[in-house]
Amino acid sequence: MEFSAQQIADLIGGKVDGDPGIKVSSLSKIEDGQAGSLSFLANPQYTPYIYKTSASIVIVNDDFAPEENISSTLIRVPNAYQAFAKLLEVYNQLKHDKSGIESQAFVAESAQIGANCYIGAFTYIGENVVIGDNTKVYPGCYIGDNAKIGADGLLFSGVKIYPDCVVGNSVSLHSGVIVGGDGFGFAPNNESYDKVAQIGNVIIEDHVEVGANTTIDRATLGSTIIRKGVKLDNLIQIAHNVEIGENTVIASQSGVAGSTRIGKNCMIGGQVGIIGHLTIGNNVKIAAQSGIGNNLEDGEIVQGSPAFSVREYKKSYVYFRKLARMADDIDNLKKQMQSLQ
Amino acid sequence: MEFSAQQIADLIGGKVDGDPGIKVSSLSKIEDGQAGSLSFLANPQYTPYIYKTSASIVIVNDDFAPEENISSTLIRVPNAYQAFAKLLEVYNQLKHDKSGIESQAFVAESAQIGANCYIGAFTYIGENVVIGDNTKVYPGCYIGDNAKIGADGLLFSGVKIYPDCVVGNSVSLHSGVIVGGDGFGFAPNNESYDKVAQIGNVIIEDHVEVGANTTIDRATLGSTIIRKGVKLDNLIQIAHNVEIGENTVIASQSGVAGSTRIGKNCMIGGQVGIIGHLTIGNNVKIAAQSGIGNNLEDGEIVQGSPAFSVREYKKSYVYFRKLARMADDIDNLKKQMQSLQ
Amino acid sequence: MEFSAQQIADLIGGKVDGDPGIKVSSLSKIEDGQAGSLSFLANPQYTPYIYKTSASIVIVNDDFAPEENISSTLIRVPNAYQAFAKLLEVYNQLKHDKSGIESQAFVAESAQIGANCYIGAFTYIGENVVIGDNTKVYPGCYIGDNAKIGADGLLFSGVKIYPDCVVGNSVSLHSGVIVGGDGFGFAPNNESYDKVAQIGNVIIEDHVEVGANTTIDRATLGSTIIRKGVKLDNLIQIAHNVEIGENTVIASQSGVAGSTRIGKNCMIGGQVGIIGHLTIGNNVKIAAQSGIGNNLEDGEIVQGSPAFSVREYKKSYVYFRKLARMADDIDNLKKQMQSLQ
């Protein structure tokens, strides 16, 4: 894909300042710009780079007034950052323009595939599966019997969706995501464990994105639910019967144990662990590596394992670092006390 | 799959109280029951729901005496919970009733596949592989050369088993499980690292279940061993030459480093880390997020990173939360001491 | 593969002491040696085992003088450990001797596959992909459009490489490794989040090894870079725009957040978390389960969450375990102080 400065200016409503015919085929940061790439300057801290960059085109704010020679062609727009973000978006859409069913895919006769879908080779679409329009399922995926996937979705190579699970519209699932594996449910008998059959499913609502190799277990009964707008990073564990509220964001390698309900608009750091059967409120923030063992109210901000108020935690931790000195002080006080007595 | 109240009553030895012809096709919790679903009432706390549920059929204890109108058909049995668990089991078995080798699978000529197996499309069965009767290998799995899988197994979509590994009977491996990747062994030379070849294997004994995306590395020499009845949750790391004793249960995202031996009937929480070359006794319990740096005796219960007695840990943590106040007390005592002196 | 004692002695430059025709087909530890296996004795601590082992052949040092009867055939060499390591290496190479493109693979017409490569069934090679000589891509992998893989590589079953990523020579990627998934970038709008398009790539340099189910995200712009000789264990998360310096080693389940740069020759333990936008120097050591929230200088050795000097951490932790007693001491001092006053 190659575009001229004029084509890009037309796309983002800008004005070319330089050679309208110069062509670019990639995007770059201004400090790394190479010939043939397009970059942008929004943050004034990066201004010095515009005089040195080899980027062929740089998008700048209308009011940018260079103080030295610039070799790049400029495109002037009201807001350089927004214009560049729009280009990123277009570029990204072009990347996912595949459509059709590749001949080495397996699609059950009873499955319904929407218009303009892509089904890659070695992808398996089971009985009664329904896939909405414009959804792209890359090679090597598995969609189990009776699963439903909405429209405008992206399932990258190697996603596995167990039978009966439901995925909404505009959902992106990255490679290695597992949706609907059995919950970890075992009933102790005398010497070993009996498996508790896990016959619920997983429901993922619209506009959710799930990172690579994250696992979301099916419910024992009922559904594990990922609400609208949730963003999950890579390698996260969501156990059976968990519910995650709208627009909550969870960073990599965190885990949520069975039947816990998390509210809306929470921000949960990386490597956090949350035990089972808890209720976490809305707008809660949890620092990375924290361990949550109790319910949390709306708006709480916590840290530690087990976690408590982040302010209190940081205070305690300051003294944790000084503990040896505190112990010496106590020893001295005891000696002084003895000599006084 | 649709069943009438009478068919279900016959299956679980119950008596229909209502319409014997009413049909259900799914199972539900009583509080979520919809028309066409079957539910149960065992815990008296849930009794109020039976008067509101839309479940078409509810299994109840023989002695249940309704105090209001109930719209559902009842099936009376001696123990409603056990009867429902039995149904779950049957339902689960019906889900895994596929058999035969799908035409897009690859099965090496030298491989031996047992009776009533299912080998899904895009699954690769290497040279000399042996698979026991009734084992179901879902689409997109890989079984490397010379590997052996027992009878009555479930390998969900995307399981990868490296060459020479051995899996027992009645083992369930969920999607994304990797068995037999190289152990993490490197010998430092002057500037970089030489790989230590990893030529052992992994042995998984009978009745083991392994959760999605868990990784179990092959031994450097000899075998990494997962003993009978072990249950591993999702996203767990088992390093080379580890041995995990019978019926030990490990929760999600925990990791065990190389050559550590864990005893029988242990319960290990989520996100626990255990360093290498340790011996952990039988019946040990380790709290979530703990870090184990020393051997543990039979029956120890520990928490912390590094971990020690859970009771001591909890005591210390109470004072950790009060550290700022303790520091103030010490300061005050120092001042008072000075004025006394 | 079966070899006689004489064949092995020729290969490693040793002298047979026993039956030159005896054959072995596997390698074993001396304490586990079975008939048909080859073992070695290097560490004198293991000498007692040589009198009991059933290994058919044992490699020993030239100067080994048995004090009892030995049933195994010996092969004498100057350095038994080195000779055995050499055999391991040969054995390992024999394991990866497959070549050719299996008929059920998908290779785009525009892709270039080097000499002596292996492309397994159900592996998908996209448009314009370039793969160097002798690289083995096992079944069920996915190499996205425009990706480049060097020579002498091993991509085990189920590796997924997104479009445009670059992998060097002699790189081993274990099953389930995901290279180039989108970075976790979202810009908050009023109520939810807008995705920030991730259009950079991942560059993995030569002699890197990556463990099973590890995920390495593509850069937002530019590249996420894994430098020469880096060794990553299983289930690790490397976020967008991270750079990891030469020969740095990271143990299982650690995570590095976006845009952090890690120096050369670092050793990072398991389950470590490192927040984003940090600079970690060269030769840094980080203890398992630590949380890194600040830049680290060359050569620092740290522990804790948040981490500080490992020596200071260990000291503080000694007193953390005694906190209840310290609190009692303070209480006593306060009482004594009161009675004095």
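The values are calculated or read from the model by the stated rules, or taken from the named source; none is laboratory data. Note that the coordinates shown come from a computational prediction; the quantities given were computed from them, not determined experimentally. Ideal geometry is used to build each Cβ from the backbone, glycine not excepted, and the neighbour counts take in all protein chains shown.
Structure summary
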{"read-out": "Any hit, the stretch A:205-221, residues being closer than 28 Å to residue B:283 by Cβ, surrounded by fewer than 23 Cβ atoms within 10 Å (Cβ to Cβ) and assigned by TED's automatic domain parsing to the domain that holds residue A:155", "value": "yes"}
{"read-out": "Selection count where residues are surrounded by 14 or more Cβ atoms within 10 Å (Cβ to Cβ) and in a strand (DSSP E or B), scope the stretch A:12-27", "value": "6"}
{"read-out": "Matching residues, the stretch A:174-204, being buried (at least 20 other Cβ atoms within 10 Å of the Cβ), of a type outside the set (S, T, N, Q) and over 17 Å from residue B:27 (Cβ atoms)", "value": "A:174, A:176, A:177, A:178, A:179, A:181, A:184, A:204"}
{"read-out": "Residue count, the stretch B:323-333 (criterion: crowded, with 16+ Cβ neighbours inside 10 Å and basic (Lys, Arg))", "value": "0"}
{"read-out": "Residue in the stretch A:186-232 that is farthest from residue A:261 (Cα to Cα), counting only those that are within 13 Å of chain B (Cβ to nearest Cβ) and acidic (Asp, Glu)", "value": "A:191"}
{"read-out": "Every residue from the stretch C:206-229 that is under 12 Å from residue C:175 (Cα atoms) and in a loop (DSSP other than H, G, I, E, B)", "value": "C:211, C:212, C:213, C:214"}
{"read-out": "Unique residue being more than 22 Å from residue C:158 (Cα to Cα), over 24 Å from the mean Cα position of the chain (by Cα) and touching a residue at least 12 places away in the same chain (Cβ under 8 Å) when the list is A:121, A:80", "value": "A:80"}
{"read-out": "Residues of the stretch C:159-185 classified as of a type in the set (Asp, Glu) and more than 7 Å from chain A (Cβ to nearest Cβ), total", "value": "1"}
{"read-out": "Single unsatisfied condition, residue B:301 versus (1) within 14 Å of chain A (Cβ to nearest Cβ); (2) in contact with a helix residue (DSSP H, G or I) (Cβ under 6 Å, 6 or more places away or on another chain)", "value": "(1)"}
{"read-out": "Pick from the stretch C:308-341, criterion polar (S, T, N, Q) and outside any helix (DSSP H, G or I), ranking: nearest to the other protein chains (Cβ to nearest Cβ)", "value": "C:341"}
{"read-out": "Residue that is under 30 Å from residue A:207 (Cβ atoms), at pLDDT 95 or above and in contact with a Gly (Cβ under 8 Å, 6 or more places away or on another chain), where the choices are C:177, C:167", "value": "C:177"}
{"read-out": "Exclusive hit being among the β-branched types (Val, Ile, Thr) and farther than 24 Å from residue B:322 by Cα, set C:286, C:330", "value": "C:286"}
{"read-out": "Neighbours by Cβ (under 8 Å, 6+ apart or cross-chain): first from the stretch B:294-316, within 14 Å of residue B:283 (Cα to Cα); second of a type in the set (Phe, Trp, Tyr) and not in a strand (DSSP E or B)", "value": "B:302/B:313"}
{"read-out": "The stretch B:223-269, subset in contact with a Gly (Cβ under 6 Å, 6 or more places away or on another chain) and among the acidic types (Asp, Glu), residue nearest to residue B:183 (Cα to Cα)", "value": "B:233"}
{"read-out": "Residue under evaluation residue B:126, criteria (1) crowded, with 17+ Cβ neighbours inside 10 Å; (2) without any contact (Cβ under 8 Å) to a residue 24 or more places away in the chain; (3) within 24 Å of residue A:142 (Cα to Cα), criterion not met", "value": "(2)"}
{"read-out": "In the stretch B:77-96, residue farthest from the other protein chains (Cβ to nearest Cβ) [restricted to those that are at pLDDT 85 or above and in a loop (DSSP other than H, G, I, E, B)]", "value": "B:78"}
{"read-out": "Some residue of the stretch B:7-20 being within 14 Å of another protein chain (Cβ to nearest Cβ) and among the aliphatic types (A, V, I, L, M)", "value": "no"}
{"read-out": "Sole exception among (1) buried (at least 19 other Cβ atoms within 10 Å of the Cβ); (2) among the hydrophobic types (A, V, I, L, M, F, W, C); (3) free of Cβ contacts under 8 Å to residues at least 24 places away in the same chain for residue C:251, by number", "value": "(3)"}
{"read-out": "In the stretch C:244-265, residue nearest to the chain's Cα centre (by Cα) [restricted to those that are within 13 Å of chain A (Cβ to nearest Cβ), of a type outside the set (S, T, N, Q) and assigned to a loop (DSSP other than H, G, I, E, B)]", "value": "C:257"}
{"read-out": "Residue that is surrounded by the fewest Cβ atoms within 10 Å (Cβ to Cβ) [pool: residues in the stretch A:28-76 that are among the hydrophobic types (A, V, I, L, M, F, W, C) and not in a strand (DSSP E or B)]", "value": "A:65"}
{"read-out": "Of all residues in the stretch C:77-120 being within 30 Å of residue A:121 (Cβ to Cβ) and polar (S, T, N, Q), the one that is surrounded by the fewest Cβ atoms within 10 Å (Cβ to Cβ)", "value": "C:103"}
{"read-out": "Search result, residues across the stretch C:220-260 that are in contact with a strand residue (DSSP E or B) (Cβ under 9 Å, 6 or more places away or on another chain) and more than 17 Å from residue C:274 (Cβ to Cβ)", "value": "C:221, C:222, C:223, C:229, C:234, C:247"}
{"read-out": "Extreme residue, nearest to the chain's Cα centre (by Cα), among residues of the stretch B:136-156 that are farther than 18 Å from residue B:200 by Cα and surrounded by fewer than 24 Cβ atoms within 10 Å (Cβ to Cβ)", "value": "B:154"}
{"read-out": "Any hit, the stretch A:270-282, residues being within 21 Å of residue B:176 (Cα to Cα), buried (at least 21 other Cβ atoms within 10 Å of the Cβ) and within 14 Å of chain B (Cβ to nearest Cβ)", "value": "yes"}
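Residue-by-condition table, conditions (1) on the phi > 0 side of the Ramachandran plot; (2) over 16 Å from the mean Cα position of the chain (by Cα):
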residue: C:242; (1), (2): no, yes
residue: C:267; (1), (2): no, no
residue: C:283; (1), (2): yes, yes
residue: C:293; (1), (2): no, yes
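For (1) within 15 Å of the chain's Cα centre (by Cα); (2) acidic (Asp, Glu); (3) closer than 20 Å to residue A:269 by Cα, each residue gets a yes or a no:
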| position | (1), (2), (3) |
| --- | --- |
| C:158 | no, no, no |
| C:174 | yes, no, no |
| C:179 | no, no, no |
| C:185 | no, no, yes |
| C:189 | no, no, yes |
| C:197 | no, no, no |
| C:214 | yes, no, yes |
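Each row is one residue, and each column tells you yes or no for (1) farther than 30 Å from residue C:163 by Cβ; (2) out of contact with any helix residue (DSSP H, G or I) (no Cβ under 7 Å at 6 or more places or on another chain); (3) not assigned by TED's automatic domain parsing to the domain that holds residue A:18.
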| site | (1), (2), (3) |
| --- | --- |
| A:56 | no, yes, no |
| A:67 | yes, yes, no |
| A:75 | no, no, no |
| A:79 | no, yes, no |
| A:86 | no, no, no |
| A:89 | no, yes, no |
